[in-house]
There are 2 protein chains.
Amino acid sequence: MATINIDILEQIQIIEHYKQTLAILSWDAKTKGPKNARSQNAKIQGTLTKELYSKQTDKKFARNIERSLEKDLSELERKQLEFHLKEYKRLSIIPVEDVHQFSVIKAAAHGNWSEAKKQNNFKLVENDLQILIDTKKRFASLSNRNLSEYDQLLDEYEPGVLTGTLDNMFDQVKQAIFPLLNSIRNASIQPDSSFLSAPFLIDNQIKLGKKLLNSIGYQFESGEVSETMHPFSTGIHTHDARLAVRFEENNIKLSSLMFLHEGGHSLYNQQISKRLDTTGLGVYTSMGLHESQSIFWEKVIGKHEGFWKNHFHLLREFGPSIYKDISFDQFYFALNEVKPSFIRYESDDVTYPLHIIIRYELEKELFSGNLKVTDLPDAWNEKYDNYLGIRPRTDSEGVLQDGHWYGGAFGYFPSYLIGFIYAAQIRQVLMREFRNFDDLINDGKLSIFLEWQKEHIHRFGKLKTSKEILGDLAIEKINEEPLIQYLTEKYKKLYKL
Amino acid sequence: MATINIDILEQIQIIEHYKQTLAILSWDAKTKGPKNARSQNAKIQGTLTKELYSKQTDKKFARNIERSLEKDLSELERKQLEFHLKEYKRLSIIPVEDVHQFSVIKAAAHGNWSEAKKQNNFKLVENDLQILIDTKKRFASLSNRNLSEYDQLLDEYEPGVLTGTLDNMFDQVKQAIFPLLNSIRNASIQPDSSFLSAPFLIDNQIKLGKKLLNSIGYQFESGEVSETMHPFSTGIHTHDARLAVRFEENNIKLSSLMFLHEGGHSLYNQQISKRLDTTGLGVYTSMGLHESQSIFWEKVIGKHEGFWKNHFHLLREFGPSIYKDISFDQFYFALNEVKPSFIRYESDDVTYPLHIIIRYELEKELFSGNLKVTDLPDAWNEKYDNYLGIRPRTDSEGVLQDGHWYGGAFGYFPSYLIGFIYAAQIRQVLMREFRNFDDLINDGKLSIFLEWQKEHIHRFGKLKTSKEILGDLAIEKINEEPLIQYLTEKYKKLYKL
């Protein structure tokens, strides 16, 4: 069997090292990096991005790959080369100067967003947002694929799951959630969750969070835990899967669930097969599947009664004065309270999908031109009013809450709900595979799930598409039914409906 | 006046960004970076080093600079171009493959050293050390400068201060320290310093250290403080001057003085003129001068009676159970205790120069071929016995204690003593300039020194050589006399000799 030309392998190594460098630079800037260094550190990232781009779009590299692909290759070799050729084709459509300029615009816009959110002033980013949308549309128009511009953006995050699928699926979710939410609102029992906002020492929140990470199997020697403004995880490589969490003294629920959410991402990053390390394929296969793993650990496990029966003692240990008089049942009901709120990543499981659907609908309108950027805040508030029955009092808790759009990430939000839908579908598979699914959680045997995820999902990296991975689990296509069923059953039982 | 060709300026920017990237990668690896990621992260650094090298040694870049230098340029423009041309000439002597291979050898040797130190087994690095010395000699021999190989290495750290100067100067230092040390050993009063090794909460050591940093004027928003195995500071750029310190529960003196030492380096890094930011000249001018600044803040200020009169309350605040019964005088004498010990960076001010001189003498012998690597541990122990009257019991507390040699840094150690000598010379200048020098310290008016350092030393970056900077302070040449005088006066008074 022929082996790949050494020049190609070296170039792939270099490309990988640049990507890993950029991941470390970004981690550094978002966690401990000094405040006054932000502007310069953004410039450094801009330069490295441009350098990486020139490696990825090198014509000689692409020609070498094409020649190698004519040879007799192993499956891994072929997939590796196909991946890099695809990247070459996707990237080389856009001139390098545009790439660099876009990265500068994005960095500036993201900085302006931060300020706009602080000042509650959407006007500060209105122009940036228009430019970002126009640029993204222009980039998409350079491709010769037969897809709308917005579908092309969706395709980058979850290949093949486009508006044709999402429109109908998200409508079904809405139609199921609206009546469920209404019943919950009118339920005769409601939790008292006031103790969840009692002051809880940040140092103890960190200790508690690390215990939770330990429980789900996070490997601390192949990662790092830090503090940040906006929680995230980053898989620099399989030996280096980091996560950063945000803390509020009055919100122990937020940090605990964030540890599990970002921890879930990191478990995926840590369990990708080491044999993919040098190939470029040693990363998650799609954003939707990645999100399904974080949501599995945050929502399916991390809001499960059995999981907390095993961990409730930690709250009493780290927050004794608050939790000495709280019963487990009180805590569990409060943790799962359903209550419309403004901030997406603090929301409960029932309203969470609506937060995403609102963003999806607005993105579509922005890209079709039916919605003007100047009208976006009103449209946002209108939708929150219609879907959740609450109207943001400020743009900071409305359209300015998330940074995604102001960093040029359009088509990203839907993957959060796709992930939740996948997580529910995967839960069904697990319940067929392990008839004692709930007992395993009750007994703290979580490593069984982690092993299973490694075997069936994580280890493949980009060697398989999410469609292939799910197909091998007999999930023929994405389907919202399991999610609707899961939410309906869980919350009807909880609220005794 | 002609301006520099835009291509050159862009290339200089890119080179700067690579250097800054490497500084962040190195910081990350040495502080919080995961244990299991070390090997991969070293490879990433190797690739980026090679990429940087190819930019710095680009022939077209050098030709463009040469052409520009024929034009009418401002002083800043000329110095900037001259610096990069000099770098080009210095670096391009060595083939890129050798550079890459050497970086791999260094990384491996440094890893082996870490293991050898743990296992107390010099044999594990004997071969590495030989290869590193041979390679450094070979690289030096490629140059056509009329200097010995070892002098060329010295010249990289403190230009112009070579064996011809050091031999005599260090001998004078030895001849002064030996009798002083002997008198101290036989002094009728000796401090009781046992309380300095009482357990002191690490969290409180950090809090205390940060207060000290604040006192000397460190700008936290343009830097970061972290924990590490081997204390260091890094000036990524003027807005990003970080420092990392090591903690031992039983050694409050170590961390406090390290905060001041690394803080002193960081003050230099933070006070370089911002107008040099994009030129490549916005870094410290020489290792010896850099060290003089850290030693000024650690030893001249940080072991001064007046300084601690203003800060002793912090020890009572953060270590109340230990310090409630300790008087200021007890503390001050203990802090300045002179006692031969094995570890360089834990040593007192009187024996510190001897630690450096030992390394200098051994390095010279290694490079002249008079000393074989296999005989190095014995030679080391012999010198400690002769100069300090103590003999290391293990190589871990002997020849394996510092990582410098095992990372290929030969000719580096002397700059530590050069720095101490400069610090004493600069102290003399300050005492002429400020007749109330001691009163300023007693009154906590440290910002006056910081401002003075900015004006006369820091702001110039590489725009001036250390020789020029010192020359402008009427320090015509390096001179050990002020150091000898400072040590003799201070310690005779302290020990009532």
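Residues that are more than 21 Å from residue B:207 (Cβ to Cβ), assigned by TED's automatic domain parsing to the domain that holds residue B:428 and either crowded, with 22+ Cβ neighbours inside 10 Å or touching a Pro at 6+ places or on another chain (Cβ under 6 Å) (or both) do not occur anywhere in the range B:244-264.
Take the residues of the range B:224-243 that are open to solvent by 10 Å² or more (accessible area, probe 1.4 Å) and in contact with a Pro (Cβ under 7 Å, 6 or more places away or on another chain): which is nearest to residue B:348 (Cα to Cα)? Of everything passing the filter in the range B:224-243, B:224 is nearest to residue B:348 (Cα to Cα). Scanning the range B:116-136 for residues that are of a type outside the set (A, V, I, L, M) and closer than 14 Å to residue B:405 by Cβ gives B:117, B:122, B:126, B:127, B:128, B:130, B:134, B:135, B:136. Those helices (runs of 4 or more DSSP H) of the range B:1-92 in which 2 or more residues are closer than 27 Å to residue B:240 by Cα occupy B:6-30, B:38-56, B:75-92.
Residues in the range A:328-384 that are out of contact with any Pro (no Cβ under 6 Å at 6 or more places or on another chain), part of a helix (DSSP H, G or I) and under 23 Å from residue A:194 (Cα atoms): A:328, A:329, A:330, A:331, A:332, A:335, A:344, A:345, A:346, A:352. Here residue B:244 qualifies as within 14 Å of chain A (Cβ to nearest Cβ) and of a type in the set (A, V, I, L, M). For the range A:444-473, the set of residues classified as open to solvent by 70 Å² or more (accessible area, probe 1.4 Å) and touching a residue at least 24 places away in the same chain (Cβ under 8 Å) consists of A:447, A:454, A:459, A:467, listed by residue number. Taking residues in the range B:177-196 that are assigned to a helix (DSSP H, G or I), and partners anywhere that are surrounded by 14 or more Cβ atoms within 10 Å (Cβ to Cβ) and among the acidic types (Asp, Glu), the pairs with Cβ atoms closer than 9 Å and at least 6 places apart or on different chains are B:196/B:337.
For first residues located in the range B:108-130 and more than 23 Å from residue B:228 (Cα to Cα), partners that are among the hydroxyl-bearing types (Ser, Thr, Tyr) and open to solvent by less than 30 Å² (accessible area, probe 1.4 Å) and lie 6+ apart or on another chain with Cβ distances below 7 Å form the pairs B:128/B:406; B:129/B:406. A single member of A:236, A:272, A:206, A:216 is within 12 Å of residue A:297 (Cβ to Cβ) and of a type in the set (A, V, I, L, M, F, W, C), and it is A:216. Residues in the range A:132-147 that are buried (at least 17 other Cβ atoms within 10 Å of the Cβ) and without any contact (Cβ under 8 Å) to a residue 40 or more places away in the chain: A:140 alone.
Yes/no matrix, rows are residues, columns are (1) away from chain B (no Cβ under 14 Å); (2) on the phi > 0 side of the Ramachandran plot; (3) in contact with a helix residue (DSSP H, G or I) (Cβ under 9 Å, 6 or more places away or on another chain); (4) of a type in the set (S, T, N, Q):
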{"position": "A:154", "(1), (2), (3), (4)": "yes, no, yes, no"}
{"position": "A:157", "(1), (2), (3), (4)": "yes, no, yes, no"}
{"position": "A:167", "(1), (2), (3), (4)": "yes, no, yes, no"}
{"position": "A:178", "(1), (2), (3), (4)": "yes, no, yes, no"}
{"position": "A:233", "(1), (2), (3), (4)": "no, no, yes, yes"}
{"position": "A:251", "(1), (2), (3), (4)": "yes, no, yes, yes"}
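Look at the range B:16-36: where a residue is facing chain A (nearest Cβ under 7 Å) and within 19 Å of residue A:221 (Cβ to Cβ) and a partner is modelled with pLDDT of 95 or more and assigned to a loop (DSSP other than H, G, I, E, B), sitting 6+ places away or on another chain with Cβ atoms under 7 Å, you get B:32/A:224; B:34/A:223; B:34/A:224; B:34/A:239; B:36/A:239.
Condition check: open to solvent by less than 60 Å² (accessible area, probe 1.4 Å) and within 12 Å of chain A (Cβ to nearest Cβ). Does residue B:64 satisfy that? Answer is no for this residue. For the range B:216-272, the tally of residues that are free of Cβ contacts under 8 Å to residues at least 12 places away in the same chain and among the hydroxyl-bearing types (Ser, Thr, Tyr) stands at 0. Residues that are farther than 22 Å from residue A:247 by Cβ and among the basic types (Lys, Arg) were ranked within the range A:339-372; the one that is surrounded by the fewest Cβ atoms within 10 Å (Cβ to Cβ) is A:372. Looking at this structure, is residue B:13 buried (at least 19 other Cβ atoms within 10 Å of the Cβ) and either more than 22 Å from the chain's Cα centre (by Cα) or among the basic types (Lys, Arg) (or both)? For residue B:13, the condition - buried (at least 19 other Cβ atoms within 10 Å of the Cβ) and either more than 22 Å from the chain's Cα centre (by Cα) or among the basic types (Lys, Arg) (or both) - is not met. A count restricted to the range A:271-300 and to residues that are more than 30 Å from residue A:491 (Cα to Cα) and open to solvent by 10 Å² or more (accessible area, probe 1.4 Å) stands at 10. Filtering the range B:422-436 for residues that are in a helix (DSSP H, G or I), at negative phi, within 24 Å of the chain's Cα centre (by Cα) and among the aromatic types (Phe, Trp, Tyr) leaves a non-empty set.
Taking the listed residues B:415, B:396, the one that is assigned by TED's automatic domain parsing to the domain that holds residue B:352 and in a loop (DSSP other than H, G, I, E, B) is B:396, with no other qualifying.
Against the list (1) out of contact with any Phe, Trp or Tyr (no Cβ under 9 Å at 6 or more places or on another chain); (2) within 14 Å of chain B (Cβ to nearest Cβ); (3) surrounded by 19 or more Cβ atoms within 10 Å (Cβ to Cβ), the condition residue A:314 fails is (2). Only one entry in B:105, B:93 is modelled with pLDDT under 95 and more than 26 Å from the chain's Cα centre (by Cα), namely B:93. Take the range A:197-223 and flag every residue that is open to solvent by less than 20 Å² (accessible area, probe 1.4 Å) and within 13 Å of chain B (Cβ to nearest Cβ). Correct list: A:218, A:222, A:223.
The values are calculated or read from the model by the stated rules, or taken from the named source; none is laboratory data. Predicted, not measured: the structure shown is a model, and the values here were computed from it. Counting neighbours? That spans all protein chains shown, and the Cβs are built from the backbone with ideal geometry, glycine included. Accessible surface areas use protein heavy atoms only, side chains included; no ligands, DNA or RNA. Shrake-Rupley method; radii C 1.70, N 1.55, O 1.52, S 1.80 Å.
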